[in-house]
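Report on one structure; see the data block that follows.
The values are calculated or read from the model by the stated rules, or taken from the named source; none is laboratory data. All values derive from a computational prediction rather than experimental measurement. Glycine gets a Cβ as well: all are built from the backbone with ideal geometry, and neighbour counts include every protein chain shown.
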Amino acid sequence: MDSKEISSKNKASFWSFKLSAHAMTLIPAAVGINYVAKAFAEGLKLPVWLGSLGTFLASMLGGPVAGAISGFINHVIYSLTLSPLSAVYALTSIAIGLAVGWLNQRGFFKRPVTVLLAAILIALVSAVISTPLNVIFWGGQTGIAWGDALFASLVAKHVNIWIASFLDEFVLDLLDKTVVAYLAFLIYKQLPKRLVYFFKGTENEK
């Protein structure tokens, strides 16, 4: 098998997804983690969302598609129970799941230093997708007080609303995704190998 065939096989494996027992266990667990973490953060008025923790773990354990599905389902459920407009941010969660899976495959979640770099890249992806949604549905704000204070300050200085909204979103995402990335990194490191192999569909691996 030449290098092109190996690369093609790895790419197919990376994006493939099978509705197996592993996925049927992992996705609901990830959705539950997302839901509880986000509700916890909102209930305590924390300066972060934490609602992508399950998505990170699902992408690290089951690949980008599993993470994307987990994020999407979580936003649908959250919109039906606590926050109706949460559904529009399903697009952001899908992108986060794909980004985490892609970065994890390239080893970004193996060392603390590269976890920080991954968090910055994921925050950028999240901000790029969320900013138009914030402008359309919230006039550019995010709903987090300290980020919106930055937004108000920038708008008062006649900064373009799109730029102000992006900066508001990015600084929040940078903190949120850094916290979530390190939480996911620490949790993943503590998981028993047998459990990791189960979710990855490689129970017999040693």
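Conditions first: (1) touching a helix residue (DSSP H, G or I) at 6+ places or on another chain (Cβ under 9 Å); (2) farther than 23 Å from A37 by Cα; (3) surrounded by 15 or more Cβ atoms within 10 Å (Cβ to Cβ). A152 passes all but one, so which condition is the exception?
Here A152 clears every test but (3).
Within the bounds of region 100-114, is there any residue that is under 19 Å from A29 (Cα atoms), part of a helix (DSSP H, G or I), modelled with pLDDT of 95 or more and within 14 Å of the chain's Cα centre (by Cα)? So that I can check it myself, show each step before the final result.
The initial filter retains those residues of region 100-114 that are under 19 Å from A29 (Cα atoms), namely 100-101.
So of that shortlist, the ones also part of a helix (DSSP H, G or I) come out as 100-101.
After this cut, where a residue has to be modelled with pLDDT of 95 or more as well, the list is 100-101.
So of that shortlist, the ones also within 14 Å of the chain's Cα centre (by Cα) come out as 100-101.
Taking every residue of region 100-114 in turn, at least one turns out to be under 19 Å from A29 (Cα atoms), part of a helix (DSSP H, G or I), modelled with pLDDT of 95 or more and within 14 Å of the chain's Cα centre (by Cα).
Looking only at region 159-186, filter to residues that are polar (S, T, N, Q) and more than 15 Å from I129 (Cα to Cα); which one of those is nearest to the chain's Cα centre (by Cα)?
Taking region 159-186 as the starting set, the residues that turn out to be polar (S, T, N, Q) are 160, 165, 178.
Still in the list and also more than 15 Å from I129 (Cα to Cα): 160, 178.
Working: N160: 27, T178: 11 Å.
Of everything passing the filter in region 159-186, T178 is nearest to the chain's Cα centre (by Cα).
Just one of the numbered conditions (1) free of Cβ contacts under 8 Å to residues at least 24 places away in the same chain; (2) under 18 Å from T178 (Cβ atoms) is not true of P84; which one?
It fails just one condition, (2).
Give me the residue from region 19-35 that is assigned to a helix (DSSP H, G or I) and of a type in the set (S, T, Y) and, out of that set, farthest from the chain's Cα centre (by Cα).
Filtering region 19-35 for residues assigned to a helix (DSSP H, G or I) gives 21-35.
Now narrow it down to the ones that are of a type in the set (S, T, Y): 25, 35.
On the way: T25: 19, Y35: 13 Å.
Within region 19-35, the match that is farthest from the chain's Cα centre (by Cα) is T25.
Being of a type in the set (F, W, Y) and more than 16 Å from the chain's Cα centre (by Cα) is the requirement here; does W138 meet it? Explain how you work it out, then say what you get.
On the way: of a type in the set (F, W, Y): yes; more than 16 Å from the chain's Cα centre (by Cα): yes.
Here the answer is yes, as W138 does meet what is asked.
Name the pairs: first residue in region 108-137 and in contact (Cβ under 8 Å) with a residue 12 or more places away in the chain and closer than 18 Å to G51 by Cβ, second residue of a type in the set (A, V, I, L, M, F, W, C) and not in a helix (DSSP H, G or I), Cβ to Cβ under 6 Å, at least 6 apart or on different chains?
Within 6 Å, the pairs are A118/F108.
Name the single residue that is farthest from L117 (Cα to Cα) among those in region 154-204 being at pLDDT 95 or above and of a type in the set (S, T, N, Q).
Residue satisfying both the conditions and the ranking: N160.
Scan region 73-85 for residues that are surrounded by 15 or more Cβ atoms within 10 Å (Cβ to Cβ) and farther than 18 Å from P28 by Cα and jot them down.
Result: S83, single match.
From (1) closer than 28 Å to L26 by Cβ; (2) loosely packed, with under 15 Cβ neighbours inside 10 Å, pick out the condition that doesn't hold for H158.
(1)
Could you please find all residues in region 50-63 being part of a helix (DSSP H, G or I) and either under 10 Å from the mean Cα position of the chain (by Cα) or on the phi > 0 side of the Ramachandran plot (or both)? Break it down stepwise before answering.
Residues of region 50-63 part of a helix (DSSP H, G or I): 53-62.
The answer is L53, G54, T55, F56, L57, A58, S59.
Quick check on my filter: what residues within region 38-58 are among the small types (G, A, S), free of Cβ contacts under 8 Å to residues at least 40 places away in the same chain and surrounded by fewer than 24 Cβ atoms within 10 Å (Cβ to Cβ)?
If the condition is that a residue be among the small types (G, A, S), free of Cβ contacts under 8 Å to residues at least 40 places away in the same chain and surrounded by fewer than 24 Cβ atoms within 10 Å (Cβ to Cβ), then A41, G43 are the ones that fit.
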